[in-house]
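Accompanying notes for the structure given below.
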Amino acid sequence: MTKVILITGASSGLGKATAIYLASKNYKVFGTSRNPNNYPKNDTYELLQFDLNKSQTSKALVDLIIKKSGRIDVLINNAGVGITGAIEETDIAAMESNFKTNFFGPLALTQEVLPVMRSQKSGLVINITSIGGYMGLPFRGIYSSSKGALGTVTEALRMEVKRFGIDVVTLAPGDYATEIASRRHYSPLKELSPYYDMYKFSLDTIDKHVDSGSDPNDLAKMVDIIIKTKKRKVHYISGSFLQKISITLKKILSDTIYEKLIMNHFKIKNTTK
Ligand SMILES: NC(=O)c1ccc[n+]([C@@H]2O[C@H](COP(=O)([O-])OP(=O)(O)OC[C@H]3O[C@@H](n4cnc5c(N)ncnc54)[C@H](OP(=O)(O)O)[C@@H]3O)[C@@H](O)[C@H]2O)c1
């Protein structure tokens, strides 16, 4: 039977690459976008309207897919947005919006998909988190937190739904060349801010990393492997060697040494001079 896949945020970047790749592997793929009409129609997968910040519309999306295809085998919670800024200077409304898109929205959609998967007695949910969610990154603390929270809730949900034949995993990308930097919420860089130099350096560094990031098709291939794997891991990571090793180092180094490494990387000094 052809597996039916729902992937959020399939108009661009990792979601688009994954939707195209999975469709080429003969899965039936439904992608989503907030504005599907802004993108040219394609023959490989259907782009349906969905906004994670309007999570009450999750049921209508799931109903539509069930009407069209009768089942959902894989939900890929991929859509997400970045946010940067000193925590002191970031709007609470912007933080809430980030958590809506990266955490509450995916959970609301998952809540609508789980009954479908329970009735099928099978299903897979892949939550796209981030390597940046494994640690608190300076000037990306809210993004790290929303992605970290999605990783943690995945661990809990897995145990709750295992007996219904449903598997839940995370896939954490490192830096991939996508549109994420241009869509990110940037707290304004203010020259008079006490954070100006550190924030500016961090912004320059992270944008360089995304621009020189890996090919989104690599992540798409990994998603296909995860779908086909019988005994899956809880967490998958996909990125450069250095990005992957950053997670291993966090596990083996003391917190304070690890913090020094991160501060050195982003040239953050602990003196006011
Ligand atoms: N690229 C990286 O280096 C990287 C690294 C780690 C993790 N990630 C994660 O990977 C995922 C994909 O990111 P990407 O790099 O491919 O970014 P992207 O190119 O900016 O694509 C983001 C996708 O999410 C959708 N989206 C944004 N806000 C939405 C909302 N409120 N409701 C529904 N859909 C929304 C966008 O669709 P519309 O604008 O058409 O609605 C778009 O298709 C994200 O969760 C991101 O956090 C990316």
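Every number here is computed from the coordinates shown, using simple stated rules; none is lab data. Since the structure is predicted, the reported quantities are computational estimates derived from the model, not experimental observations. Please note: Cβ atoms are built from the backbone with ideal geometry, for glycine as well, and neighbour counts cover all protein chains shown.
Students often get this wrong: which residues of region 170-191 have the backbone nitrogen under 14 Å from the point 7 angstrom along Cα-to-C-beta of LYS244?
172-175, by backbone N distance to the label point.
What FRET efficiency, computed as 1/(1 + (r/R0)^6) with R0 = 25 Å and r the Cβ-Cβ distance, is obtained for LEU253 and LYS208, rounded to the nearest 0.05?
E(calc), rounded to 0.05, equals 0.50.
Counting only C-alpha contacts under 8 Å and six or more residues apart, can you give the relative contact order of the chain as a whole percent?
19
Could you work out the Kirkwood radius for region 4-243, taking every pair of different alpha carbons, averaging 1/r and inverting it, reported in Å?
It works out to 18.2 Å.
Counting other beta carbons within 10 Å of each Cβ, put LYS16, LYS28, LYS231 in order, fewest first.
Going from sparsest to densest Cβ surroundings: LYS231, LYS28, LYS16.
Would you compute the Debye intensity of region 12-128 from its alpha-carbon atoms alone, equal scatterers and no solvent, and pass along log10 I(q)/I(0) at q = 0.23 Å⁻¹ to two decimals?
Log10 I(q)/I(0), no solvent term: -1.47.
Please arrange GLU88, GLU96, GLU259 by counting, for each residue, the other beta carbons lying within 10 Å of its beta carbon, fewest first.
GLU88, GLU96, GLU259
Sort ILE66, ILE268, ILE128 by Cβ crowding within 10 Å, fewest neighbours at the top.
By the 10 Å Cβ count, ascending: ILE66, ILE268, ILE128.
Taking square-rooted eigenvalues a ≥ b ≥ c of the alpha carbon gyration tensor, is region 191-270 rounded, prolate or oblate, where a/c under 1.5 means rounded and, failing that, a/b exceeding b/c means prolate?
Working: a/c = 3.55, a/b = 1.71, b/c = 2.08.
Judged from the Cα gyration tensor, region 191-270 comes out oblate (a/c at least 1.5, b/c at or above a/b).
Any chance you could check the Cα centroid distance between region 111-164 and region 37-67 for me, in angstrom?
Their Cα centres are 20 Å away from one another.
Quote the FRET efficiency, to the nearest 0.05, computed for LYS41 versus LEU261 with a Förster distance R0 of 41 Å and r equal to the Cβ-Cβ distance.
Step by step, r from the Cβ atoms, then E = 0.30.
Past the 24 Å Cα-Cα mark, which pairs from LYS244/LYS267; LYS100/LYS233; LYS208/LYS267; LYS28/LYS67; LYS25/LYS244? List each step's numbers first, then the result.
Details: LYS244/LYS267 21 Å; LYS100/LYS233 27 Å; LYS208/LYS267 15 Å; LYS28/LYS67 14 Å; LYS25/LYS244 27 Å.
From LYS244/LYS267; LYS100/LYS233; LYS208/LYS267; LYS28/LYS67; LYS25/LYS244, over 24 Å: LYS100/LYS233; LYS25/LYS244.
Can you give the charge dipole size of region 4-243 about its Cα centre, rounded to the nearest 20 debye, using +1 on the beta carbon of Lys and Arg and -1 on the beta carbon of Asp and Glu?
Value, rounded to 20: 1260 debye.
What's the angle, to the nearest 10 degrees (0 to 90), between helix 13-24's Cα axis and the longest principal axis of the chain?
30
So for the pair GLU89, GLU160, with labels modelled 7 Å out along Cα→Cβ, what separation do we get in nm?
If labels sit at GLU89 and GLU160, their model points lie 3.8 nm apart.
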